[in-house]
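These notes concern the structure reproduced below.
Readers should treat all values here as calculations from the given coordinates under stated rules, not as data from a laboratory. Treat the numbers as computed from the prediction; the structure is a model and nothing was measured. When we count neighbours, we look across all protein chains shown, and the Cβ atoms used for this are built from the backbone with ideal geometry, even at glycine.
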């Protein structure tokens, strides 16, 4: 939480340290009280202080604003505030979060053989969370190097394709090596796919946003061709169905909650948690991470300090793509097992990763929490949502995008969020000493 | 700064002295080598393509020897590529060739390029004033959906245009507030705007049209029919949409406004050095707001072509733009932030997209693979085969008023 959010911050004028305002008494910890009256003069200093002070405040307020505005849309179109609240309750239940009220139930009742919805929904939410942690890490890692990897979707597709290919082939291998082989191959493929954008950025200066978007579409259509009719990896038993073969049993990740083959929760979530730890160690405890962060903070200063900016751009993009490729592998080997041509058009997990990373302020812990939120939102508004609820799943799934868009929009505008966050205190203060105080301005 | 009069007196000699001229000639000849083997010329003897391609390559080598390495090697590559494509074309059957390359290919290319040209001109205005607009995609999407809704409810396509422009402008206004006043990171803010547009259009599409992809009876944007469709020009440009013709005019208008008027000078000043512009009394925020909102309006007018344009028949589906806004953005960069360059890039994308659809006659199985062509070309173009591009100096940098 000590780092500021997305590195490509608006270029501020030189940032003086946030000195306490004279006459207010010593306030050594700005983090303890954002906007408590210690406001240094320049905008940049105030902004800098709020960046650190708002470590948790900004994401929370961002989420609240986004959910509130999403609720306004629902209330306006359904002509009822009550229905909007009910819709959020249905989404909460759809995500299986009501499981906490009866946590002892298993997914499948051994006597009645009926699935318990809350536990089943929660397991599905956690499956989505697993993917989002990894695609979120992909975006976050690039952000820490000052790069915007918008190509998580394409790198995820490449991971899906390679994991399927390796998982379907080599069916005679034993389980552990087969899984490791498929996961490593998909991860490397994702790294290579993102590495293309990194190399282009480092050598000829092609902007990574444009090149990764183009790589997304190239991966999309290549996948469309590979799994489509007559494609090289299309189903070998049913030649007219545009879907891939199923991954061999030896390459399927073991399921520990729910049933294998019925989208039970697999050990992929531990792989994702391991990736989170790797992300933290890599960034904060290794030379590589130090160099990557230095390039992200200020490429010129990093170059002056003897750090190769080009090398680190390529490295950061490749590692970023590795996370997204791993996400594809974990999905394919964990619960999908096969991929249809039509699935390419519906998958948005790579793009959701952007919202996850930005809301999580590109930190490991933040990514975990926001992946949980978006995983719940993603499943709770689609398959988990009861069709008898006040808001239809087709409608609610779009609500996810509205909330996601607002989150990303506000994540880039900390100033506004903090302005809202501090509004009550500012109001109180102004009432206390009305004539002398000057209200702070967002811009 | 040479005046127009001076340029007219000495029109070509200074350009010819530049070694880049031979490079560009080589690139042109390389393209011509491939063009020889396809209709309407359709030379079936391979020698013509090889000869012209070799001339292109020699011109390229000459350019390299005169110091313009990048363009020279580009000409060499174009020459060799022209020979390769020419050989491929002479090997394929005449029937397939005629099916893939006919006059309607031109019409289709222009049709695909039309929304891109609108969005790209919007992007040029926005970026020339110093605001990167990744949100073009979302603004196109707003135009596509709300234009359809406006035309449907208003009963005429003109209402559709107005509603689309209003929706795109409104979203752009939101983005402008975040990018200019709140000084949010523009790439992140633009991405947020894209998601927001995706959610809003998707939500209201379900709410208002219940996910039905085609709305029958929606008034469409009319075509301009002025030549009979039988001969070459009739098929190529005789039945283009009003919007396509408007896009040609827009390119010229953008050029005149940006480079021949005081307002254009102010816009470019805000994009190059906002502080200096502020010092001489230009309201940087007002200019930037105006340009971003204009870019949203133009992008939305491009987007409406996808929903009630001539080929669209009142179609809307979730995420109908499918990355076209980003292609337009790439066209802006490829075109070096100039209207003519961006127009050429949009045409290149339009041509490769239209060609990709036609190449299906060769292999229906690989048809999805051909769709990759425009994206690969854009990637190659952005990677800078033609030459390094130079963005406005303050592009993407928020400006804080003093």
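General remarks:
- The Cα-based radius of gyration of the protein assembly as shown, divided by its Kirkwood radius, gives an Rg/Rh of 0.97.
- Relative packing of B:355-363, A:219-227, A:67-75, which averages over residues the other C-beta atoms within 10 Å, highest first: A:219-227, A:67-75, B:355-363
- Residue A:425-residue A:340 FRET efficiency (beta carbon distance; Förster radius 60 Å; 0.05 resolution): 0.65
- In the elastic network of chain B, a GNM with C-alpha springs shorter than 10 Å, the most mobile of B:370, B:316, B:343 is B:370.
- Listed residues B:256, B:41, B:87, most fluctuating in chain B (Gaussian network, C-alpha, under 10 Å): B:41
- Ranked by how many other beta carbons lie within 10 Å on average, peptides B:304-311, A:130-137 from highest: A:130-137, B:304-311
- In this simple spin-label approximation, residue B:360 and residue A:174 carry label points 7 Å from Cα along the Cα→Cβ vector, and these lie 5.0 nm apart.
- The helix-based estimate of mean residue ellipticity at 222 nm for chain B, built from -39,500 (n - 2.57) per DSSP H run of four or more residues and divided by its residue count, is -22500 deg cm²/dmol to the nearest 500.
- Anisotropy class of region B:276-402 from Cα gyration tensor, a/c 1.5 cut: oblate
- Region B:78-176: radius of gyration over Cα atoms, expressed as a fraction of 2.2 N^0.38 Å: 1.59
- The P(r) of region B:29-147 has a tail past 25 Å containing 51 percent of all C-alpha pairs.
- Based on C-alpha pairs under 8 angstrom that are at least 6 apart in sequence, region B:104-382 has a relative contact order of 36 percent.
- Region A:122-227: relative contact order in percent, alpha carbon pairs under 8 Å with at least 6 residues between: 33
- Percent of alpha-carbon pairs separated by more than 39 Å within chain B: 23
- Compactness of region B:321-376 - radius of gyration and Dmax, Cα, Å: 12.6, 39
- Counting only other chain Cβ atoms within 10 Å of each residue's Cβ, the peptide A:148-156 averages 1.
- 10 Å Cβ neighbours from other chains, averaged over peptide B:323-331: 3
- Highest average first, the peptides A:345-358, A:317-330, A:292-305, B:146-159 ordered by how many other beta carbon atoms sit within 10 Å of their residues are A:317-330, A:345-358, B:146-159, A:292-305.
- Cβ neighbours within 10 Å from other chains - mean over A:217-229: 5
- Each of residue B:253 and residue A:369 was given a label point 7 Å from its Cα along the Cα-to-Cβ line. The distance between the two points is 5.0 nm.
- Kirkwood hydrodynamic radius of region A:125-383, from inverse mean 1/r over distinct Cα pairs, in Å: 18.1
- If R0 is taken as 41 Å, the Cβ-Cβ distance between residue B:61 and residue B:92 corresponds to a FRET efficiency of 0.85.
- Linear extension gain, residue B:276 paired with residue B:69, 0.36 nm per residue minus alpha-carbon span: 70.9 nm
- Fluctuation leader among B:34, B:322, B:300 - chain B, Gaussian network, Cα springs under 10 angstrom: B:322
- Sites residue B:158 and residue B:216 - FRET efficiency at Förster radius 25 Å, r taken between beta-carbons, to 0.05: 0.80
- Sequence-distant contacts, meaning Cα pairs under 8 Å at least 6 residues apart, place the relative contact order of region A:125-383 at 41 percent.
- Global geometry of region B:15-99, whether rounded, prolate or oblate, following the gyration tensor of its Cα atoms and the 1.5 cut on a/c: prolate
- Relative to the current alpha-carbon distance between residue A:286 and residue A:79, full extension at 0.36 nm per residue lengthens the span by 69.0 nm.
- Three-way shape call for region A:161-299 based on the alpha-carbon gyration tensor, with the a/c threshold at 1.5: oblate
- Two-decimal Rg/Rh across region A:76-216, once Rg and the Kirkwood Rh are taken from alpha-carbon atoms: 1.13
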